[in-house]
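J.: Sharing a structure with you now.
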Amino acid sequence: MRRLLSAFAFALALTPTAHANGLLEPPLSFAPGTGTPRVAVTLDACMGGIDHRILDVLVRERIPATLFVTARWMKNNAETTAVLAAHPDLFEIEDHGRNHVPAVTGSEKPYGITPAGTLAAVDDEVLGGAEAIIAGFGRQPTWFRGATALYTPDAMEEIAKLGYRVAGFSLNADFGASATAKVAQSRIEGAKDGDVIIAHINQPSRAAGEGIARGLLTLKQKGYTFLRLDQLP
Ligand SMILES: [Zn+2]
C-alpha cells in the first residue's frame with residue numbers, strides 16, 4: 001500500500017498569495033511521498049536565448065523538466081526548439097503565452113511590464129502560445145503560466161475556462177534569473193519533497209543559470225526523483 005501511494009503525486013493548488021498591487025500568485029506543490037524526495041523542475045523561456053549550462057545538464061543527466069515557452073521565444077530559437085522536440089521523454093512543453101504579456105486585466109504593471117489589459121487580450125496570449133506549441137511540438141499544452149506569474153482573479157477564471165491549469169510554484173530558485181549563482185544553487189539544493197521549482201532557461205549571460213545547473217546536479221547526485229507537471233494528477 002505504501003509503495004502504491006508513493007507512486008502518485010497529487011498536485012496541491014493552494015490559496016493564491018495576494019500581492020500589494022492586488023495581483024494573485026497561485027502556489028503549486030504536490031503531496032510528499034514516503035521514499036526519496038521528488039521535485040518538479042519548471043523552467044521558463046520568456047524571450048531571449050537558451051542557457052546551455054542548464055539544457056546540457058538536463059540532456060546529459062537525463063533530468064526530466066517542464067518548460068514554459070512563449071511563441072515569441074520559439075520563433076527566435078528554432079534550433080533549440082528542435083532539440084527539445086527531439087527529447088519528448090525528457091521535456092514537457094507548456095504554454096507561457098504568445099508574447100510574454102502578463103495575464104492581468106486593467107492597467108497595473110507587474111514588475112513594470114505592460115499587462116494584457118482585457119480578457120480578450122488574455123485569450124490571445126494563452127491561445128497564441130498554445131498554437132505555437134501545437135505547431136512546433138504536435139502537442140496540446142494543458143498548463144499555462146503567464147508572464148510574471150501574477151494574475152488578476154478574472155484572468156485566472158478565464159484561463160480555467162479555456163481549459164488550462166494555472167502553473168504556480170513553491171520554490172522560486174532564481175528570482176527571474178536575477179539571483180547570483182551561489183544563491184540559485186543553494187535555493188535549488190534546499191528543495192523539499194513535493195516542491196515545484198521555478199527558474200529560467202533563457203538567460204545565458206546571467207550568473208543564475210550556472211547555479212541552477214549546479215543545484216540540479218546536486219539533487220541528481222542525492223538521488224532525487226524529477227517529475228514533470230504531466231505526472232501530477
Ligand atoms: Zn517569463
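Nothing in this text is a laboratory measurement; each read-out follows from the coordinates by a stated rule. Please read all numbers here as calculations on a predicted model, not as lab measurements. Cβ: placed from backbone, ideal geometry, glycine included. Neighbour counts: every protein chain shown.
J.: When the helices in the chain are scored as -39500 (n - 2.57) per DSSP H run of 4 or longer and the sum is shared across all residues, what 222 nm value do you end up with, to the nearest 500 deg cm²/dmol?
T.: On the way: 8 runs with 79 residues, N = 233.
For the chain, the value works out to -10000 deg cm²/dmol.
J.: Return a whole-number percent for the relative contact order of region 37-231, with Cα pairs under 8 Å and 6 or more residues apart as the contact set.
T.: Over region 37-231, the number comes to 30 percent.
J.: Put a dot 7 Å past each Cα toward the Cβ at Lys220 and Ala78; how far apart are the dots in nm?
T.: So the label points at Ala78 and Lys220 sit 3.0 nm apart.
J.: What list of ³J(HN,Hα) values in whole Hz, one per residue of region 154-165 in order, does the Karplus curve 6.51 cos²θ - 1.76 cosθ + 1.60 (θ = phi - 60°) give from phi, with Gly and Pro shown as x?
T.: My calculation for region 154-165 gives 5, 5, 4, 5, 4, 4, 5, 4, 6, x, 10, 8 Hz in order.
J.: For Met47 and Phe175 in one chain, what is 0.36 nm times their gap in residues minus the Cα-Cα distance, to one decimal in nm?
T.: Numbers: separation 128, 0.36 × 128 = 46.08 nm, distance 1.58 nm.
Gain on stretching Met47 to Phe175: 44.5 nm.
J.: Per-residue HN-Hα couplings for region 183-189, Karplus 6.51 cos²θ - 1.76 cosθ + 1.60 at θ = phi - 60°, whole Hz, x for Gly and Pro?
T.: 5, 4, 4, 5, 5, 5, 5
J.: Also, quick follow-up: Grab the eigenvalues of the alpha-carbon gyration tensor for the chain, scale each by 5, take roots, and send me the semi-axes largest first in whole angstrom.
T.: Values for the chain, descending: 26, 20, 18 Å.
J.: Can you list the HN-Hα couplings for region 89-102, worked out from phi with the Karplus curve (6.51, -1.76, 1.60; θ = phi - 60°), rounded to whole Hz and with x for Gly and Pro?
T.: 6, 9, 10, 9, 9, 10, 8, 10, x, 7, 10, 6, 10, x
J.: Find how much the distance from Ile134 to Lys161 grows on full extension, using 0.36 nm per residue of separation minus their present alpha carbon separation; answer in nm with one decimal. All intermediate terms of the calculation are to be shown ahead of the outcome.
T.: Numbers: separation 27, 0.36 × 27 = 9.72 nm, distance 1.91 nm.
Net length gain for the segment: 7.8 nm.
J.: Taking amide H atoms as placed 1.01 Å from N in the peptide plane, list the residues 5 or more away in sequence, or in a different chain, whose amide H sits under 5 Å from that of Thr225.
T.: Hits under the 5 Å cutoff: Arg38, Val39.
J.: Starting from the amide H of Gly117, placed 1.01 Å from N in the peptide plane, find each other amide H under 5 Å away whose residue is 5 or more places distant or on another chain.
T.: Result for Gly117 returns Val104, Thr105, Gly106.
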